[in-house]
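One structure below.
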Amino acid sequence: MIRFENVTKRYPDGTVAVEGLSLEVAEGELVTLVGPSGCGKTTTMKMVNRLIEPTQGRILVAGEDIAGVEPVELRRRMGYVIQQTGLFPHRTVLDNTATVPHLLGWPKARRRERARELLDLVGLDPAVFGDRYPDQLSGGQRQRVGVARALAADPPVLLMDEPFGAVDPVVREHLQTEFLRLQSRLHKTVLFVTHDIEEAVRLGDRIAVYGEGRIEQFDRPATVLGAPASPYVADFVGADRGLKRLSVTPIEPGDLEEPPTVHLSDRLDKAARRMAAAGARWAVVLDDADELHGWVSAGVVEAQEGTVAHHARRMEAWLPLGSSLKQAFSTMLQHDAGWIAVLDGDRFVGVLTPSRLHAALRRSIDADAREVGRTEVELESIESS
Ligand SMILES: Nc1ncnc2c1ncn2[C@@H]1O[C@H](COP(=O)(O)OP(=O)(O)OP(=O)(O)O)[C@@H](O)[C@H]1O
């Protein structure tokens, strides 16, 4: 969707900001450009909407060489979000959001309706915020308006230059989560500049790690963290990259243990037999709709009569399949739990234990090194190592 072909930018004073850059962002993909200050990220981005012209090479968007597209026309096809949102201070939030539809000549009622819809989408109630001016908003709210404005005309491409850079870390994490949720619905092609490696790995389908004016590695976040291409990249992603990798490695069905399951309505002697047969000290308890209720321990079951319902404990520590290993670890710590339940929708699929979590992480590193799927890596090789 966005393709750089051997692009170089040399400024008139001789500074080479970008050199021989080749990079392709697929349709619907979110690529983060990350690197230290001055390495050429912003220059790269601004060449896509022709705020800066390359000295050499060409850039194609949807197959078309943008050198032949009117800059104003080109920019209407691309949402652009920057750190200092660039909102018009004397226009209301609603009018700011409707900027591009206004430029495109949409009738007033339609563009106001669209602006309200967009504000809703980014989590701002238009009835509350629509008539405010930008200086009557918090930094995080201003950034949301910036995102809403960029999306207003539904452009296929979004260019985002440190859009969450000016807000505190808690708000930033919140905005990132919301943006990921939005992106999972909208599937825009996104080029996202940041100097924050945490943000880059969290948001990017792939990340391009910049050295000076050139890309040192362009890969999925887990690969960059697990197998940095050079000492420079290893240094940039940080000594705690193993820990960071937890946040980009999802829980997969193959990572889970399957303890015996019993139902709330089961008699205790049946539950006891099932646990004994499995050699388990506890079982997961499901309700009549087969949804997770909690757990029950073998000790309680053996000593009592009646049904599981009287002795089952609620299980609060659970996560959906596909959550990150970091969320899993954090949930274990938060609930002081030796395992967490993993659900697929409402369906219970298994449990993740600390040793399985460790195995999953090791397996994903092995899988990347061998360029195979994680499920193809034998668990034995981990447990015996
Ligand atoms: N108009 C200009 N004239 C000369 N040099 C420039 C110009 N704009 C940028 N540069 C230089 O080009 C290099 C890359 O700048 P760029 O803004 O692309 O970096 P960046 O990675 O986005 O940095 P930051 O994270 O600090 O925004 C820097 O050395 C910068 O000083």
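The values are calculated or read from the model by the stated rules, or taken from the named source; none is laboratory data. This one's a predicted model, so the numbers in the text were calculated from it and none came from an experiment. Note that we place each Cβ from the backbone using ideal geometry, even for glycine, and neighbour counts take in every protein chain shown. All accessible areas refer to the heavy atoms of the entire protein, side chains included, with ligands and DNA or RNA removed. Shrake-Rupley method; radii C 1.70, N 1.55, O 1.52, S 1.80 Å.
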How high is the relative contact order of the chain, in percent, counting Cα pairs under 8 Å that sit 6 or more residues apart?
-> 14 percent
Residue-normalised accessible area of the range 253-360, expressed per residue, 1.4 Å probe, Å² = 52 Å²
If r is the Cβ-Cβ distance from GLU5 to TYR232 and R0 is 30 Å, what FRET efficiency results, to the nearest 0.05?
-> 0.80
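Grab the beta carbon distance between VAL349 and SER37, set R0 = 51 Å, and tell me the FRET efficiency rounded to 0.05. Walk me through the numbers before you get to the answer.
Values: r = 44 Å, r/R0 = 0.87.
My answer for the efficiency is 0.70.
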12 Å Cα-Cα reach of LYS270 towards aspartates and glutamates, excluding residues that sit fewer than 8 places from it in its own chain = GLU302, GLU305
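If you put +1 on each Lys and Arg Cβ and -1 on each Asp and Glu Cβ, how big is the dipole of the range 271-315 around its Cα centre, in Debye rounded to 20?
Details: 5 positive and 6 negative charges, 52 e Å.
So the magnitude is around 260 debye.
Add -39500 (n - 2.57) for each DSSP H run of 4 or more in the chain, then divide by its residues: what number comes out at 222 nm, to the nearest 500 deg cm²/dmol?
Value at 222 nm, helices only, nearest 500: -10500 deg cm²/dmol.
Considering only protein heavy atoms and a 1.4 Å probe, what is the carbon-and-sulfur percentage of the accessible area of the chain?
Details: 8970 of 18610 Å².
Roughly 48 percent, rounded to a whole number.
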Starting from the amide H of HIS263, placed 1.01 Å from N in the peptide plane, find each other amide H under 5 Å away whose residue is 5 or more places distant or on another chain.
-> LEU286
Computed over the range 181-249: relative contact order in percent, which uses C-alpha pairs under 8 Å that are six or more apart | 24 percent
Would you mind checking which residues have amide H under 5 Å from THR8's amide H? H placed 1.01 Å from N; only 5 or more apart, or other chain.
-> GLY20, LEU21, THR55, GLN56, GLY57
Find which of VAL224, ALA312, MET47 sits farthest along the positive direction of the dipole of the chain, computed with +1 on the beta-carbon of Lys and Arg, -1 on that of Asp and Glu, about the Cα centre.
-> MET47
How large is Rg/Rh for the range 253-360, to two decimals, with Cα atoms and a Kirkwood Rh?
-> 0.97
What is the Cα centroid distance between the range 161-177 and the range 62-105, reported in whole angstrom?
-> 21 Å
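Using 0.36 nm per residue of separation minus the Cα-Cα distance, give me the extension gain between LEU104 and GLU64 in nm, one decimal.
Values: separation 40, 0.36 × 40 = 14.40 nm, distance 2.16 nm.
Stretched out fully, the LEU104 to GLU64 stretch lengthens by 12.2 nm.
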Entries of LYS46/LYS108; LYS46/LYS188; LYS188/LYS326; LYS9/LYS46 with Cα pairs more than 22 Å apart | LYS46/LYS108; LYS188/LYS326
What is the local net charge at GLU305, summed over the other residues whose Cβ is closer than 13 Å to its Cβ (Lys, Arg +1; Asp, Glu -1)?
-> -1
Give me the number: length gained by fully extending ARG77 to ASP336, i.e. 0.36 nm times residue separation minus the C-alpha to C-alpha distance, one decimal in nm.
-> 88.3 nm
Distance (nanometres) between label positions extended 7 Å along Cα→Cβ at ALA303 and LEU264 = 2.4 nm
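Averaged per residue, what accessible area in Å² does the range 2-246 show with a 1.4 Å probe, protein chains only? Don't skip to the end; give the middle numbers.
On the way: 11060 Å² over 245 residues.
With all protein chains present, the range 2-246 gives 45 Å² per residue.
Could you sort the peptides 166-177, 42-53 by per-residue average Cβ neighbour count (10 Å cutoff), highest mean leading? Display every interim value, and only then the final one.
Working: 166-177: 15.2, 42-53: 19.5.
Going from most to least packed, we get 42-53, 166-177.
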Segment GLN136-GLU24, extension gain: residue separation times 0.36 nm, minus the distance between their alpha carbons | 36.4 nm
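Given the chain, report the % of alpha carbon pairs whose separation exceeds 35 Å.
Values: 30340 of 73920 pairs.
Result for the distance tail: 41 percent.
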With label points set 7 Å from each Cα along the Cα-to-Cβ direction at ALA166 and ASP288, the distance between them in nm comes to 5.8 nm
At a Cα cut-off below 13 Å, give the aspartates and glutamates reachable from LYS244, other chains included and same-chain residues fewer than 8 away excluded.
-> ASP196, GLU198, GLU199
Point-to-point label distance, LEU51-GLU117, nm (Cα→Cβ direction, 7 Å offset) | 2.7 nm
Tell me, what is the FRET efficiency for THR15 and GLU257 to the nearest 0.05, using R0 = 56 angstrom and their Cβ-Cβ distance as r?
-> 0.50
Per-residue HN-Hα couplings for the range 288-303, Karplus 6.51 cos²θ - 1.76 cosθ + 1.60 at θ = phi - 60°, whole Hz, x for Gly and Pro?
-> 5, 8, 6, 9, 4, 10, x, 8, 9, 9, 4, x, 5, 5, 5, 7
Toy charge model, Lys and Arg Cβ at +1, Asp and Glu Cβ at -1: the range 2-246 dipole around Cα centroid in debye, rounded to 20, equals 620 debye
In the neighborhood of GLY338, defined by Cβ-to-Cβ distances under 12 Å, what is the net charge if each Lys or Arg adds +1 and each Asp or Glu adds -1?
-> 0
